[in-house]
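Since the structure comes first, as structure tokens, the remarks are kept for the end.
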Amino acid sequence: MIDEDYELPKTSFDILRKKAGLFLGPAFFLLLYFSPIDLPNPEAKKMLAIFVWIVAWWITEPIPLSATALLGAVLMVFLQVGSAKEIFAPFADPIIFLFMGSFFIASGMQVHELDKTIAEIATSNKRLGRNPFIMFVSLGFLVSFLSMWLSNSSVTAIFYPIALGLIGYISKEERKKYAPKLLLLVAYSASLGGIGTPVGTPPNLMGISMLKRFANIEIPFLTWMLLAVPIFLLGFFAFVIILKISGELPSKEIKFEARQNKNFTRNQKMVLFVFLLTVVLWLLPGFFNFLLGEKSLTVKAINSSLQEPAVALFGALLLFIIPTAEGAKRKLLNWKEASSIDWGTLILFGGGLSLGSMMFQTKLAQFFGEKWLNLFGKPSLALLTFLSILFAVILTEIVSNTAAANIVIPIIISIAGVSGLSPLQPVLGATIGCSLAFMLPVSTPPNAIVYGSNLVPVLEMIKKGLLLDAIMVVVTFLFITFVLPLLPI
């Protein structure tokens, strides 16, 4: 995930890419706007020109991604693609409030350093060093777990110094060989963990929201986890086992000093309570649906009341209400702290929904689907799912995963629609694929953070990233094809 508040290191290629994109976006727009291309209606032609401009700027990033999302909405209003009400309505989609509430809760965890305390407690046991394989797996698993709920880059930033500290205890002759693997494990675990929950990374909610908005398919919180958690765990353990078999993990005992035992403070316990309560309320509807069946009146009442955006905001509001140990005047979260959340991602999210909505309204999405059908014929569901995953993985190596989801998902829904196929499997495959960026330092902030240590050669990252990409494409395809149809939706 490329967080809006994390700026990747600039290279000469990045600077050239931004400068070129600044002119290419408007140039493509003008070329398409005045071209004689045959489209279903004038609005579709305008929408195509806008879509290509926005995609060009999302790829080249001459301005912030969120600003580009706003540009798309403004252009659609200026060119009368739709009414302002229609175009800006997706910026207030309930899914955005789900993310907002999740961001507030994550902010409360970080303000009181709950995430750091969990990390310190988990790595304070010196017995971990007796089995380096168990140590590597435990560290990666903890990174993945926290990334299911927090920003991938924030979790990587927490565990990066911990990993460097552990590397310091590896013998000098083994350090050069094993240090890159440990650092890459931290970065990759953060990206993998983001797959695990709907709130783990923006593409997850983007896929869920577009399926509901454009295909009337709703994915419960629990159903997503039943699918996604095994996918990332299988990919994670397959990657670690391959490293183990190939002799790329330390075999000797690593002796390191245990950190001083640290206990949770009262404030941290209260934040942890709010977090766990929110998670339970998210999971309850899916649990009762699985237990009693979707036709049960109890299940219908629970589903109507415990909708995920409201639950997220309820948890966030508790943080604004519950006082800290220091006194009633100080709450667990104040607005100054809360206002530092990643508003850019929310805007980017809304912009993507707006763009997708108008693509369907103007029948541009249908045009894309028909062109695909004319060129390649009707694909099977399995082939479309595999190609969707593969295309998303390739695109997200060079583009923000949220931008990649905004580009890929509407097109996949349209191709599935004109082919007479359900979009569920290819869209969820592409959604997960948008988080599988492991090959390059610029692919994700976690990759960039560990690359900045100068302990990870870029060729090492490419080789290991390509290996993990291949593992995850296969695992994701198999689960989407064979496990997803068995889950309650």
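Just so you know, all these numbers are worked out from the coordinates, no wet-lab data involved. It should be emphasised that the depicted structure is a prediction, and the values quoted were computed from it without experimental measurement. Cβ placement follows ideal geometry from the backbone for every residue including glycine, while neighbour counts extend to all protein chains displayed.
Which chymotrypsin sites (Phe, Trp or Tyr not before Pro) in segment 155-251 pass both tests, a DSSP loop state and at most 15 other beta-carbon atoms within 10 Å?
Qualifying residues, ordered by number: Tyr169.
List Glu308, Glu218 from most exposed to least, where exposure is judged by having the fewest other Cβ atoms within 10 Å. Before the final figure, lay out the partial values.
On the way: Glu308 23, Glu218 11.
The fewest-first ordering by Cβ neighbours comes to Glu218, Glu308.
To the nearest 500 deg cm²/dmol, what mean residue ellipticity at 222 nm is calculated for the chain from DSSP H runs of n ≥ 4 alone, each contributing -39,500 (n - 2.57), summed and divided by the residues? Can you show the working numbers first?
Details: 22 runs with 338 residues, N = 489.
Result for the chain, helices only: -22500 deg cm²/dmol.
Among Ile37, Ile59, Val81, flag the residue with its Cα farthest along the positive direction of the charge dipole of segment 10-82, charges on Cβ as +1 for Lys/Arg and -1 for Asp/Glu.
Positive-end residue among those listed: Ile59.
Compute the acute angle (0 to 90°) between the alpha-carbon long axis of helix 12-33 and the principal axis of greatest extent of the alpha-carbon atoms of the chain; round to the nearest 10°.
Tilt of helix 12-33: around 20 degrees.
What's the angle, to the nearest 10 degrees (0 to 90), between helix 308-321's Cα axis and the longest principal axis of the chain?
50
For segment 130-248, what is the convex hull volume of the alpha-carbon atoms per residue, in Å³?
Per-residue hull volume (Cα only) is 99 Å³.
When only Cα pairs under 8 Å and 6 or more residues apart are kept, what is the percent relative contact order across segment 13-74?
41
How long are the semi-axes of the equivalent ellipsoid of segment 331-420, taking √(5λ) for every eigenvalue λ of the Cα gyration tensor, in whole Å from largest down? Working shown, then result.
Details: eigenvalues 228, 48, 20 Å².
Working through the eigenvalues yields semi-axes of 34, 15, 10 Å.
Could you put Ile415, Ile489 in order, starting from the residue whose Cβ has the fewest other Cβ atoms within 10 Å? Let's see the in-between values first.
Details: Ile415 26, Ile489 15.
Fewest-to-most ranking of Ile415, Ile489: Ile489, Ile415.
Quick one: putting +1 on the C-beta of Lys and Arg, -1 on the C-beta of Asp and Glu, what dipole do you get for the chain around its Cα centre, in Debye to the nearest 20? It would help to have the intermediate numbers written out before the result.
Working: 36 positive and 28 negative charges, 174 e Å.
Here the chain has a charge dipole of around 840 debye.
Round to the nearest 10 and give me the degree value, 0 to 90, for the angle of helix 65-78's Cα axis relative to the longest principal axis of the chain.
Helix 65-78 sits at roughly 20 degrees to that axis.
Taking the simple approach of a point 7 Å from Cα along Cα-to-Cβ for both Asn374 and Ser138, what is their distance in nm?
With each label point 7 Å from Cα toward Cβ, the separation is 6.1 nm.
Positive end of the charge dipole of the chain (Lys, Arg +1 and Asp, Glu -1 on Cβ, about the Cα centre): tell me which of Leu317, Phe97, Gly21 has its Cα farthest that way.
Value: Leu317.
Please tell me the relative contact order of the chain in percent, rounded to the nearest whole number, where contacts are Cα pairs under 8 Å and at least six residues apart.
For the chain, the relative contact order is 25 percent.
In a Debye calculation with equal point scatterers on the alpha-carbon sites of the chain and no solvent, what is log10 I(q)/I(0) at q = 0.05, 0.08, 0.09 Å⁻¹?
-0.19, -0.50, -0.63
I want to check the label-to-label distance for Ala89 and Ser339. Put each point 7 Å from Cα in the C-beta direction and report it in nm to one decimal.
The two pseudo-label positions are separated by 3.1 nm.
If I take R0 = 41 Å and measure r between the Cβ atoms of Phe23 and Val458 in this structure, what FRET efficiency does the formula 1/(1 + (r/R0)^6) give, to the nearest 0.05? Provide the component values of the computation, followed by the final result.
Numbers: r = 29 Å, r/R0 = 0.71.
E between Phe23 and Val458, to the nearest 0.05, is 0.90.
Taking the Cβ of each residue in Met472, Met461 as the centre, tally the other Cβ atoms inside 10 Å and list the residues starting with the fewest.
With the sparsest Cβ surroundings first, the list reads Met461, Met472.
Obtain the nm distance between the two label points defined at Phe78 and Ile242 by a simple spin-label model: each point lies 7 Å from its Cα along the Cα-to-C-beta direction.
In this crude label model, Phe78 to Ile242 measures out at 4.7 nm.
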